[in-house]
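The values are calculated or read from the model by the stated rules, or taken from the named source; none is laboratory data. As the structure is a prediction and not an experimental result, all values here were calculated from the model. Cβ: placed from backbone, ideal geometry, glycine included. Neighbour counts: every protein chain shown. The protein model used for the area step is the full one, side chains on, heavy atoms only, and it has no ligands, DNA or RNA in it. Shrake-Rupley method; radii C 1.70, N 1.55, O 1.52, S 1.80 Å.
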Amino acid sequence: MTDIKQVRLPSGEMVPALGQGTWKMGESPKRRADEVKALRLGLDLGMTLIDTAEMYADGGSEEMVGEAIAGRRDEVFLVSKVWPGNASGQGTTAACERSLKRLRTDRLDLYLLHWPSRHPIADTVRAFEELKAAGKIRHWGVSNFDVAEMDDVLDVGGKAVAANQVLYNLTRRGIEFDLLPWQKSHGTPIMAYSPVEQGRLAHHPQLQRIAVAHKATPAQIALAFTLLRDDVITIPKATAEAHVRENRAAADIVLSGADIAALDAAFPPPKRKGELEMI
Ligand SMILES: NC(=O)c1ccc[n+]([C@@H]2O[C@H](COP(=O)([O-])OP(=O)(O)OC[C@H]3O[C@@H](n4cnc5c(N)ncnc54)[C@H](OP(=O)(O)O)[C@@H]3O)[C@@H](O)[C@H]2O)c1
């Protein structure tokens with residue numbers, strides 16, 4: 001097993017390119033023990049970036065993550081998100097305090113605006129900067145922002161924007177047209193969400209042939225694709241132990257030029273600008 005490669009944040013800090021998502025976790029008390037176990041196994045295997053949000057299970061995901069990282073906080077690069085309806089100046093600050101409590105921690109490593117909000121981005125960014133100055137968050141960023149919205153973030157003095165979390169996988173390659181180049185030119189990484197297309201790529205027939213050649217699974221090839229670039233952090237969600245182990249092993253897969261050509265043929269890259277897709 002090789003080390004998981006790292007991605008550089010604009011601050012120079014390095015974070016693992018492969019982390020763990022937690023949407024749909026923390027919803028059921030029956031599944032909680034398995035979810036906590038899965039996240040802890042992921043930490044053991046080096047997937048130390050954990051992504052959650054106040055929206056997930058209405059705070060239940062953050063509470064479950066709090067349990068999973070108890071006693072291990074310093075190993076984790078912890079990401080959470082403010083719900084856009086809460087993203088006024090004061091609302092952002094209050095939402096962050098609630099998230100910290102549920103997560104049983106004194107700081108977030110990265111705090112994201114979950115998607116563009118009706119509140120002025122300048123107010124949200126000001127609150128982010130105040131939270132940063134107070135030591136409650138270490139970095140801030142956005143999610144589901146397209147190029148024009150990223151320009152708006154820069155306009156309000158948001159050069160510190162540390163990441164943009166967007167939908168990215170083999171069947172959702174639209175961002176390769178202009179958002180990924182924008183992010184690259186500004187030195188701001190993308191966090192790829194739903195990298196296995198919520199499980200659908202795990203059964204994709206066109207990934208099967210490449211997977212067999214690597215003694216891997218289609219889901220692993222889908223993840224390996226998102227790990228090709230040096231400015232993408234990918235955050236699959238997995239509760240099944242086998243999935244957690246597979247996902248970690250995907251970081252060791254080296255796709256060949258022929259594999260990449262086959263993937264491009266099966267899942268063509270975009271030729272024109274489209275709407276930023278969201279799930
Ligand atoms: N910012 C946003 O707006 C936004 C939106 C969506 C998602 N996200 C974040 O991104 C994370 C990942 O996205 P996602 O949860 O939507 O979808 P995903 O990670 O693409 O897929 C998760 C699903 O795939 C299954 N799976 C995981 N690894 C697998 C493997 N190796 N083989 C077969 N199946 C596998 C999981 O099953 P099991 O759980 O049963 O193992 C689960 O059903 C979320 O959890 C969340 O943290 C952010």
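Where residues in region 1-10 are in contact with a helix residue (DSSP H, G or I) (Cβ under 9 Å, 6 or more places away or on another chain) and over 23 Å from residue 198 (Cβ atoms), which of them is nearest to the ligand (Cβ to nearest atom)?
Ranking the candidates gives 1 first.
One line per residue, one yes/no per condition, for (1) open to solvent by less than 30 Å² (accessible area, probe 1.4 Å); (2) among the small types (Gly, Ala, Ser); (3) modelled with pLDDT of 95 or more:
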{"residue": "2", "(1), (2), (3)": "no, no, no"}
{"residue": "24", "(1), (2), (3)": "no, no, yes"}
{"residue": "38", "(1), (2), (3)": "yes, yes, yes"}
{"residue": "50", "(1), (2), (3)": "yes, no, yes"}
{"residue": "69", "(1), (2), (3)": "yes, no, yes"}
{"residue": "75", "(1), (2), (3)": "no, no, yes"}
{"residue": "80", "(1), (2), (3)": "yes, yes, yes"}
{"residue": "91", "(1), (2), (3)": "yes, yes, yes"}
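Select the helices (runs of 4 or more DSSP H) contained entirely in region 155-259, then report the ones holding at least 2 residues which are surrounded by 15 or more Cβ atoms within 10 Å (Cβ to Cβ), near the ligand (Cβ under 8 Å from one of its atoms) and not hydroxyl-bearing (Ser, Thr, Tyr).
218-226, 241-250
Would you call residue 71 more than 20 Å from residue 234 (Cα to Cα) and not in a loop (DSSP other than H, G, I, E, B)?
When the stated conditions are applied, residue 71 does not pass them.
Which pairs have Cβ atoms under 8 Å, sit 6 or more apart or on different chains, and link a residue in region 38-58 that is under 14 Å from residue 79 (Cα atoms) to one that is of a type in the set (Lys, Arg) and surrounded by 24 or more Cβ atoms within 10 Å (Cβ to Cβ)?
That search, which allows pairs on different chains as well, returns 52/81; 53/81; 54/81; 55/81.
Quick check on this structure: which one of 79, 153, 65 is among the β-branched types (Val, Ile, Thr) and over 16 Å from residue 22 (Cα atoms)?
None of the other options fit; the residue is 153.
Filter region 74-89 down to the residues that are closer than 15 Å to residue 111 by Cβ, in a helix (DSSP H, G or I) and of a type outside the set (Gly, Ala, Ser) and list them by number.
Of everything in region 74-89, those that are closer than 15 Å to residue 111 by Cβ, in a helix (DSSP H, G or I) and of a type outside the set (Gly, Ala, Ser) turn out to be 84, 86.
Starting from region 132-161, take each residue that is more than 12 Å from residue 182 (Cβ to Cβ) and list its partners that are small (Gly, Ala, Ser), counting only C-beta distances under 6 angstrom and pairs at least six apart or across chains.
What qualifies is 139/162; 141/162; 141/163; 156/122.
Taking residue 123 as meeting all but one of (1) in a helix (DSSP H, G or I); (2) open to solvent by less than 60 Å² (accessible area, probe 1.4 Å); (3) in contact with a Phe, Trp or Tyr (Cβ under 9 Å, 6 or more places away or on another chain), write down the number of the exception.
(3)
Among the residues of region 11-25, write down those that are over 23 Å from residue 160 (Cβ atoms) and within 11 Å of the ligand (Cβ to nearest atom).
Selection gives 20, 21, 22, 23, 24, 25.
Give the number of residues within region 94-105 that are under 21 Å from residue 116 (Cα atoms) and buried (at least 18 other Cβ atoms within 10 Å of the Cβ).
3
So residue 75 ticks every box in (1) touching a helix residue (DSSP H, G or I) at 6+ places or on another chain (Cβ under 7 Å); (2) within 13 Å of the ligand (Cβ to nearest atom); (3) of a type in the set (D, E, K, R) but one. Which box is left unticked?
Going through (1) touching a helix residue (DSSP H, G or I) at 6+ places or on another chain (Cβ under 7 Å); (2) within 13 Å of the ligand (Cβ to nearest atom); (3) of a type in the set (D, E, K, R) one by one, residue 75 breaks only (2).
Within region 110-120, count every residue that is without any contact (Cβ under 8 Å) to a residue 40 or more places away in the chain and under 21 Å from the mean Cα position of the chain (by Cα).
4
Anything in region 110-145 that is within 16 Å of the ligand (Cβ to nearest atom) and out of contact with any helix residue (DSSP H, G or I) (no Cβ under 8 Å at 6 or more places or on another chain)? List them, or say none.
Across region 110-145, the qualifying residues are 110, 112, 141, 143, 144.
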